[in-house]
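The values are calculated or read from the model by the stated rules, or taken from the named source; none is laboratory data. All values reported here derive from a predicted model rather than from experimental measurement. Every residue, glycine as well, gets a Cβ built from its backbone with ideal geometry; the counts of neighbours run over all protein chains shown.
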Amino acid sequence: MPPNLARALGNRSMAGSLAVVRRGIGLTLAAAVVAGCATAQSQAGAPPQQSPSAVKPSPTPSPSPSPSPSPTVLAIPPPLAGQPQTRVFPSASTQVFKDEMTDLWTAIVTGNTSVAIQSFFPLIAYEQVKAISDPASDWNSRLVGNYVLDIQAAHSFLGANAATAQLVQVIVPSQYAAWINPGVCYNKVGYWHVPGSRLVYRMAGQLRSIGIASLISWRGQWYVVHLGAVVRNTTAGIVDDPSLGTGTTGPPGGC
């Protein structure tokens, strides 16, 4: 594990929930995940080009995990090193994606950011995707750092009774998905991107939701790359569009 990632995740983890992780799956963070979509320069750029040969599925939001009575951490198979990207379109209905979102929600309701690293775009994938001089450093210092801050912000937003919030559904707006071609947004490998997904939860008997700013694909699997925001003008964590009900997905665009 890169030392700065260990410090970022460890300092912000809750001891009690970390014990759940160790008992539940005994996973090692360094092998599990990571990284992201666009550099700071690409975030301000024009909408990506879509490959004419890439076929998108029907525009049906996909439901995800059922409510859980208590925080849960699930083991997610890590991607293998040396495998290339594919053009397989990810499904939000797979068990792996549901497990990713369960772990992300557990991190949000407990404040233990370490359990959500499995849900983040993997470092071994980011190193293949980004056409920059040091993608590992960018992943550690910027992408994962912002992810940790955004999880903490979401936890604080839920308040003192955060642990009672139950995840009901994850809506992924496949109608907004686009294949990002190599050469766009400082990338050397293409991938699928979808903006503005929604984490729908129930708390104190009321249905509410917050956004996931950006998901991107690696080998046919969705991963979070930006949780609270893509373009940031603050060093603090961000909660994306908190709303009553399911909220609004999208808008399309970005990379």
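Taking Val224, is it in contact (Cβ under 8 Å) with a residue 40 or more places away in the chain, in contact with a helix residue (DSSP H, G or I) (Cβ under 6 Å, 6 or more places away or on another chain), of a type outside the set (Ser, Thr, Tyr) and not in a loop (DSSP other than H, G, I, E, B)? In short, yes.
For the stretch 214-234: of the residues being under 10 Å from the mean Cα position of the chain (by Cα) and within 20 Å of Lys98 (Cβ to Cβ), which is surrounded by the most Cβ atoms within 10 Å (Cβ to Cβ)?
Taking the candidates together, the pick is Leu227.
Determine whether Val194 is surrounded by fewer than 24 Cβ atoms within 10 Å (Cβ to Cβ) and among the β-branched types (Val, Ile, Thr).
Against the criterion (surrounded by fewer than 24 Cβ atoms within 10 Å (Cβ to Cβ) and among the β-branched types (Val, Ile, Thr)), Val194 does not qualify.
Which condition number does Gly183 fail, the rest of (1) part of a loop (DSSP other than H, G, I, E, B); (2) under 13 Å from the mean Cα position of the chain (by Cα) being met? Unmet for Gly183, out of (1) part of a loop (DSSP other than H, G, I, E, B); (2) under 13 Å from the mean Cα position of the chain (by Cα): (2).
In this entry, Asp103 is excluded by the filter for residues that are farther than 21 Å from Ile210 by Cα and in contact (Cβ under 8 Å) with a residue 24 or more places away in the chain.
Of all residues in the stretch 75-89, those satisfying the criterion of being within 25 Å of Ser174 (Cα to Cα) and of a type in the set (A, V, I, L, M, F, W, C) are Ile76, Val88, Phe89.
How many of the residues in the stretch 116-145 are among the hydrophobic types (A, V, I, L, M, F, W, C) and under 19 Å from Gly211 (Cα atoms)?
Of the stretch 116-145, the ones among the hydrophobic types (A, V, I, L, M, F, W, C) are 116-117, 120-121, 123-125, 129, 131-132, 136, 139, 143-144.
Filter once more, keeping what is under 19 Å from Gly211 (Cα atoms): 116-117, 120-121, 143-144.
Of the residues in that region, 6 qualify.
Scanning the stretch 70-113 for residues that are among the hydrophobic types (A, V, I, L, M, F, W, C), modelled with pLDDT of 95 or more and either in a loop (DSSP other than H, G, I, E, B) or under 25 Å from Ala204 (Cα atoms) (or both) yields Val88, Phe89, Ala92, Met101, Leu104, Trp105, Ala107, Ile108, Val109.
Using the structure shown, decide if Ile210 is part of a strand (DSSP E or B), touching a Pro at 6+ places or on another chain (Cβ under 7 Å) and not charged (D, E, K, R). Before you say what the answer is, go through the steps one by one.
On the way: part of a strand (DSSP E or B): yes; touching a Pro at 6+ places or on another chain (Cβ under 7 Å): yes; not charged (D, E, K, R): yes.
It is true that Ile210 is part of a strand (DSSP E or B), touching a Pro at 6+ places or on another chain (Cβ under 7 Å) and not charged (D, E, K, R).
For Ser133, the criteria (1) farther than 19 Å from Val224 by Cβ; (2) in contact with a helix residue (DSSP H, G or I) (Cβ under 9 Å, 6 or more places away or on another chain); (3) modelled with pLDDT under 95 hold in every case but one, which is (2).
Tally time: how many residues in the stretch 185-230 are among the hydrophobic types (A, V, I, L, M, F, W, C) and at pLDDT below 95? Explain how you work it out, then say what you get.
The first filter runs over the stretch 185-230 and keeps only residues among the hydrophobic types (A, V, I, L, M, F, W, C), leaving 185, 189, 192, 194, 199-200, 203-204, 207, 210, 212-213, 215-216, 218, 222, 224-225, 227, 229-230.
With the extra rule that they be at pLDDT below 95, the set shrinks to 185.
Going through the stretch 185-230 one residue at a time, the tally reaches 1.
Taken together, the residues in the stretch 114-128 that are part of a loop (DSSP other than H, G, I, E, B) and either surrounded by fewer than 23 Cβ atoms within 10 Å (Cβ to Cβ) or out of contact with any Leu (no Cβ under 8 Å at 6 or more places or on another chain) (or both) amount to 1.
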